[in-house]
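Read the structure below first, then the notes.
The values are calculated or read from the model by the stated rules, or taken from the named source; none is laboratory data. None of these values were measured; they are calculated from a predicted model. Cβ sites come from the backbone with ideal geometry, for glycine too, and all protein chains shown count toward neighbours.
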DNA sequence: CTGAAAGCGCTTACAG
DNA sequence: CTGAAAGCGCTTACAG
């Protein structure tokens, strides 16, 4: 593999000159330029990012820690991150944690050893992970939180106002005349409490009672029976607010199997607006999260932080959701 | 940021000894061990992967070039790759090409500059990309092709026998008594021709005519009208073999909107078995691809290649598909 | 068991 | 405009 020495020798100049040519900083005479260019091509020379990283103290790599790539939501966020980073000349190293605290801490450590210039961290948060984030922050590593927070640490972050989104989802249902509205959550996503607060507050504001019987949890334990449980409630719900689209789609399917028509007999609204939301039958009414924008914003915050370090004040960006009305909700 | 020099000084040994301790090769006295360990912890020392990479000439990073992360299929494959690589102590740098030849070539070049120890390359292939692959192969970089081939280059590869899968899909439909079977493809996926060949051969073997009128293309241009076009054929199809699940699901939705019952009036079979296939209504009969296994196998081939380089014979692994019968297909 | 030294392939002042 | 030299933080024989 050709090195800068090979190029220098073949072009009859010093490595310093080749370096200046490569980085387009400092002067290089036209004559030298041409010879170097020719040598680079003849040798198929590609400068070593590793050596560069060592001497320049920046790798132009960033770490992205995600809970799961096999989830319709994450890849779109990652896409947004990569688009921005790619443009800025950075590579993204993606690490899966499976939502496990131990793996999160390990991912952070490994990425740090790799000397990434910064990191973007997605949920969920764990104690081990948080401790590691704190440690890295102390070491001066730029980090941006995406969709999660870590009280007490002055870190940049981007979040979606899911509370507001939940309120909007509820207002949509309320405006359609529903008064018995179920909330379906997922045991693993307990932390996403903004949605539940929005559900509660919207109900309260509408002067409706908060009935714990209308709170359901879709766990593997119960899988496939949420709807059954709903129907057993006296004065059963006429509408369902699901904490995410995946769950909403499962409920739609359960309804279909029992001959319950959506939205005629039951209205269902989801959350996220995953790619499939528009393709199910009936197309799902949902609260869209700005997935790509989330990623892009996080990337931009990180870039700014990498370039300015401590001199920049901490930024916390809050993005808003959007109600997408499709066919799964109707007047009661 | 602490370096190996800081650790050595604090522990009262030379950096060579610290290095030996870190890599657990060579002897280090018990006394030295303890002092070094203490110094490492006190300083929060994490050895620089960059410096390591430069001197050891291996970065323990691999590149993964994918067409698109926002596609139910890819993330699962990537997952399989990461699981294996992670275990072997490698990081995966993922690069998106959007299926664009120019971006593919660029991705390869950038990854090479980063001195990844090897790469796994997913479809589609492009001329620019192929030229770059050839160039890198000449430079001695280990590369594994996943789900694609590049005739003429002796590269390791893993592929799924989609031809066989297509034949099985067709045999399933034929066994149900269908004789007029449509094939729906996607303009962007023209290259995935194994499926089409399987469709044709199965028909031929069954002694059925090959009717070009039954070949449809789902392109954005026609989007939403495939079914309409199908119904205009005289003696219209009673079953549809779709080149992938996404398309199959779109067709199901179109059918639903026109009041055509699946599978009563029309049987539909997909390909891939994406996560959602089981969640649509009716649950989709499909040909499952071993997504995670594809990734794992590619990772294992690459690992072997990295360790043994040229001494290993070229390996070409062919994985098989599996028919998953659900509810979208029925007797004619 | 341990240290001194060279080397990995670049960048970056510093002279000239 | 250009070269010589130091340095980035490790690994790896080589002596001892």
Just to check your reading of the model, which residue among A:288, A:255, A:278 is closer than 17 Å to residue A:71 by Cα and free of Cβ contacts under 8 Å to residues at least 40 places away in the same chain? A:288
If a residue has to be more than 10 Å from chain A (Cβ to nearest Cβ) and surrounded by 23 or more Cβ atoms within 10 Å (Cβ to Cβ) to count, how many in region B:91-103 make the cut? 1
So, residue A:238, is that one surrounded by fewer than 24 Cβ atoms within 10 Å (Cβ to Cβ) and away from chain B (no Cβ under 14 Å) or not? yes
Here is a check on your reading of the model: is residue A:20 within 23 Å of residue A:88 (Cβ to Cβ) and near DNA strand D (Cβ under 7 Å from one of its atoms)? yes
Might you check whether a residue that is surrounded by fewer than 21 Cβ atoms within 10 Å (Cβ to Cβ), in contact (Cβ under 8 Å) with a residue 60 or more places away in the chain and part of a loop (DSSP other than H, G, I, E, B) occurs anywhere in region A:295-313? no
Hey, could you check region B:48-74 for residues that are touching a helix residue (DSSP H, G or I) at 6+ places or on another chain (Cβ under 6 Å) and within 10 Å of DNA strand D (Cβ to nearest atom) and say which is nearest to residue B:117 (Cα to Cα)? B:53
Which of (1) part of a helix (DSSP H, G or I); (2) more than 9 Å from chain B (Cβ to nearest Cβ); (3) buried (at least 19 other Cβ atoms within 10 Å of the Cβ); (4) within 16 Å of DNA strand D (Cβ to nearest atom) is the odd one out, the single condition residue A:33 does not satisfy? (3)
Which count do you get for residues in region B:179-225 that are closer than 20 Å to residue B:262 by Cβ, modelled with pLDDT of 85 or more and touching a strand residue (DSSP E or B) at 6+ places or on another chain (Cβ under 6 Å)? 8
Residue count, region A:36-45 (criterion: within 13 Å of chain B (Cβ to nearest Cβ) and either buried (at least 18 other Cβ atoms within 10 Å of the Cβ) or at pLDDT 95 or above (or both)): 2
For residues that are assigned to a helix (DSSP H, G or I) and without any contact (Cβ under 8 Å) to a residue 12 or more places away in the chain, scanning just region B:10-30, find the one that is farthest from DNA strand C (Cβ to nearest atom). B:23
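Kindly indicate whether residue B:248 is more than 14 Å from every other protein chain (Cβ to nearest Cβ), in a helix (DSSP H, G or I), in contact with a helix residue (DSSP H, G or I) (Cβ under 9 Å, 6 or more places away or on another chain) and touching a residue at least 60 places away in the same chain (Cβ under 8 Å).
no
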Quick check: is even one residue across region B:68-84 within 8 Å of chain A (Cβ to nearest Cβ), within 16 Å of DNA strand C (Cβ to nearest atom) and assigned to a loop (DSSP other than H, G, I, E, B)? no
Among the residues of region B:104-121, are any modelled with pLDDT under 90 and within 11 Å of chain A (Cβ to nearest Cβ)? no
How many residues does region A:320-331 contain that are in a loop (DSSP other than H, G, I, E, B) and free of Cβ contacts under 8 Å to residues at least 60 places away in the same chain? 1
Residue within region B:41-50 that is in a helix (DSSP H, G or I), over 23 Å from residue B:155 (Cα atoms) and within 16 Å of DNA strand C (Cβ to nearest atom) present: yes
Filter region A:1-17 down to residues that are more than 8 Å from DNA strand D (Cβ to nearest atom) and farther than 18 Å from residue A:51 by Cβ and give me whichever is nearest to the other protein chains (Cβ to nearest Cβ). A:10
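With the structure loaded, tell me whether residue A:317 is under 26 Å from residue B:70 (Cβ atoms), in contact with a strand residue (DSSP E or B) (Cβ under 8 Å, 6 or more places away or on another chain) and in contact (Cβ under 8 Å) with a residue 12 or more places away in the chain or whether it fails that test.
yes
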Is it the case that residue B:2 is in contact with a helix residue (DSSP H, G or I) (Cβ under 8 Å, 6 or more places away or on another chain) and either buried (at least 21 other Cβ atoms within 10 Å of the Cβ) or not in a helix (DSSP H, G or I) (or both)? yes
